[in-house]
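Each remark here refers to the structure printed beneath this line.
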Amino acid sequence: MARTIEAQLAELRARSLYRRLREIDSPQQPAVELVGRTLLNFSSNDYLGLAREPALQEVACAAVQKYGVGAGASRLVCGTLSPHMRLEEQLAEFKQTPAALTFGSGYAAALGTIPALVGRDDVIILDRLAHASLIDGARLSGATMRVYAHNHLGQLESHLHWAREHHPDARVLVITESVFSMDGDRSPLREIVEMKSRHGAWLLLDEAHAVGVIGPQGAGLAAESGLGLEIEVQMGTMSKALGVSGGYVAGSRKLIDLLVNRARSFVYSTAPPPAIAAAAGAAIAFVRSPDGAQRRVALWKNIRSLAASLPLFAKEPQSAILPIMIGPEETATAASEHLLERGILAPAIRYPTVARGRARLRLTLSALHTPEQIATLVEAVRRLHLHQEAA
Ligand SMILES: *Cc1c(COP(=O)(O)O)cnc(C)c1O
């Protein structure tokens with residue numbers, strides 16, 4: 001007999017893998033309102049506190065007044081609204097590439113871009129910890145996939161050798177991230193760029209958690225390393241440090257022209273609301289401004305302060321994501337519940353977001369957290385008496 005939905009849910013509960021939604025009745029900010037209760041929020045990717053920045057709200061409201069709320073259709077069908085065009089010009093300038101294209105989300109950017117670039121006769125080489133959107137895009141493309149252990153340059157190189165030997169005419173696309181979303185560490189970008197260039201492969205770099213946080217004017221890891229021009233496809237999202245919504249790809253004019261024609265999540269999806277594009281443009285301007293630089297200084301001060309106060313973090317922090325490795329799913333869930341009882345929102349990240357038995361508390365910081373709020377978190381985590389698993 002076919003299994004029931006109840007049975008599927010019961011199985012998730014039995015394995016401590018069940019998830020549910022928690023309603024928040026306030027903006028994303030360091031203290032959020034959980035229906036009737038205030039919680040300290042250490043779970044948001046709104047690293048610079050832009051999700052409720054008044055300057056961005058004003059730009060969004062003005063754009064609603066001028067353009068209304070909906071975009072009408074796909075940009076190829078009913079004409080492309082000015083806010084989307086201006087945003088793409090800003091993105092290209094920010095990322096120092098000739099062109100850029102926006103999508104409804106970062107997930108949609110990955111799902112549309114990867115299959116537009118590679119197909120059944122091609123090869124994708126992917127870091128094991130790559131985000132689900134990159135894995136799903138790679139699967140959808142039908143290309144042959146090879147996975148290398150996280151940040152393992154030796155395995156990456158042997159996959160590149162293998163691809164060149166067995167698929168001499170294939171397009172070979174290496175896919176990795178600047179900052180890994182559940183571990184918070186960075187990829188060895190210089191070495192990866194050197195290696196893929198030597199083997200005639202392309203690189204897709206997902207800067208989702210780096211933009212706004214790392215690099216000159218917050219432009220990301222490629223900009224910090226001075227490698228932007230050597231990376232064929234720079235991808236990212238406007239939903240994290242930029243505080244708004246939407247995905248993007250930045251690269252050559254030819255690349256963008258191809259995506260306009262072939263990326264199905266662009267072609268067959270209604271354009272994002274124009275006010276969202278306008279707000280994202282204002283977010284980029286903010287991030288590049290002296291105010292943005294100040295927020296980055298405040299964010300990094302908070303990151304260093306938290307890392308210094310909790311001996312649980314093995315290494316120097318490399319981003320605003322500071323995971324506490326726990327291991328068993330039920331221990332991580334219990335730790336998260338204990339923190340919730342003490343008024344702290346810090347999610348247990350479990351399979352399938354991370355590997356089985358690699359559950360963790362994923363703490364993220366904002367420029368707007370106060371020293372007192374961080375002290376409250378530190379005290380509550382110490383009281384958990386965790387024995388952190390080796391990373
Ligand atoms: C969040 C994230 C995405 C998806 O971006 P959304 O705009 O939230 O859809 C893609 N890649 C990485 C690495 C991410 O962390």
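The values are calculated or read from the model by the stated rules, or taken from the named source; none is laboratory data. All values reported here derive from a predicted model rather than from experimental measurement. A quick note on method: Cβ atoms are made from the backbone with ideal geometry, for glycine too, and the neighbour counts reach across all protein chains shown. Ligands, DNA and RNA are excluded from the accessible area calculation, which covers all protein heavy atoms including side chains. Shrake-Rupley method; radii C 1.70, N 1.55, O 1.52, S 1.80 Å.
Quick rundown of the values:
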item: Test: residue in the range 283-290 that is outside any helix (DSSP H, G or I) and open to solvent by 10 Å² or more (accessible area, probe 1.4 Å); result: yes
item: Looking only at the range 234-264, and only at residues there that are open to solvent by less than 30 Å² (accessible area, probe 1.4 Å) and under 12 Å from Ser105 (Cα atoms), the one that is farthest from the ligand (Cβ to nearest atom); result: Val249
item: Single residue of the range 161-204 satisfying the filter (among the charged types (D, E, K, R) and open to solvent by less than 50 Å² (accessible area, probe 1.4 Å)) that is nearest to the ligand (Cβ to nearest atom); result: Glu177
item: Selection status of Ser305, free of Cβ contacts under 8 Å to residues at least 40 places away in the same chain and either of a type outside the set (A, V, I, L, M) or closer than 20 Å to Met238 by Cα (or both); result: no
item: Odd one out for Arg288 among (1) under 21 Å from Gly104 (Cα atoms); (2) more than 16 Å from the ligand (Cβ to nearest atom); (3) basic (Lys, Arg); result: (1)
item: Some residue of the range 193-200 being aliphatic (A, V, I, L, M) and either more than 26 Å from Ala367 (Cα to Cα) or at pLDDT 95 or above (or both); result: yes
item: Given (1) open to solvent by 30 Å² or more (accessible area, probe 1.4 Å); (2) more than 29 Å from Asp136 (Cα to Cα); (3) at pLDDT 95 or above, number of the condition Lys315 does not satisfy; result: (3)
item: Matching residues in the range 265-277 - criterion: being assigned to a loop (DSSP other than H, G, I, E, B) and either surrounded by fewer than 22 Cβ atoms within 10 Å (Cβ to Cβ) or of a type in the set (Phe, Trp, Tyr) (or both); result: Tyr268, Ser269, Thr270
item: Matching residues in the range 213-232 - criterion: being within 13 Å of the ligand (Cβ to nearest atom) and either part of a loop (DSSP other than H, G, I, E, B) or over 19 Å from Asn45 (Cβ atoms) (or both); result: Val213, Gly220
item: Members of the range 326-361 that are more than 23 Å from the chain's Cα centre (by Cα), outside any helix (DSSP H, G or I) and closer than 18 Å to Val32 by Cα; result: Arg342, Gly343
item: Residue that is nearest to the ligand (Cβ to nearest atom), among those in the range 137-160 that are within 15 Å of Glu177 (Cα to Cα) and outside any loop (DSSP other than H, G, I, E, B); result: Gly137
item: Positions within the range 212-232 being of a type in the set (A, V, I, L, M, F, W, C) and in contact with a Leu (Cβ under 7 Å, 6 or more places away or on another chain), in sequence order; result: Val213, Ile214, Leu221, Ala222, Leu227, Ile231
item: From the options Ala241, Ala263, Ala271, residue that is under 28 Å from Ala320 (Cα atoms) and not aromatic (Phe, Trp, Tyr); result: Ala241
